[in-house]
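Values in this text are rule-based calculations from the coordinates and carry no lab data. From a predicted model like this one, the values you see are computed outputs, not experimental measurements.
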Amino acid sequence: MPLDASVDLIKLSDMLEASKASCADIEGLCRDACLIAMRRCSGNEVLDKLSVLGSDFDKAFRRIKKNNDIPQ
């Protein structure tokens, strides 16, 4: 999964640690962020050049938190 420079891995790590996310939650987060990025592509970009943005991870985290009642 290619990551854009806007992905702050330390911030993401801190959010996941604070939320006490399970390994399954983290796997789901990465999968959802990738799917969000692919949907964002909307045919305008070649998938080989697509990268996952920090905002894609933010959206995925909110979605997983909402669906699993993970505390923020």
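Things to note:
- Taking amide H positions as modeled 1.01 Å from N, with prolines and chain starts lacking one, the residues under 5 Å from residue 52 and 5 or more places away or on another chain are 3, 4.
- Hits among lysines - C-alpha to C-alpha of residue 20 under 16 Å, sequence gap 8 or more where chains match: 11, 65, 66
- Candidate lysines for bridging to residue 49, where Cα separation is under 24 Å - those fewer than 8 sequence places away on the same chain excluded: 59
- At the listed q of 0.14, 0.16, 0.21, 0.32 Å⁻¹, the Debye profile of the range 1-41, built from one uniform point per Cα, gives log10 I(q)/I(0) equal to -0.34, -0.45, -0.74, -1.15.
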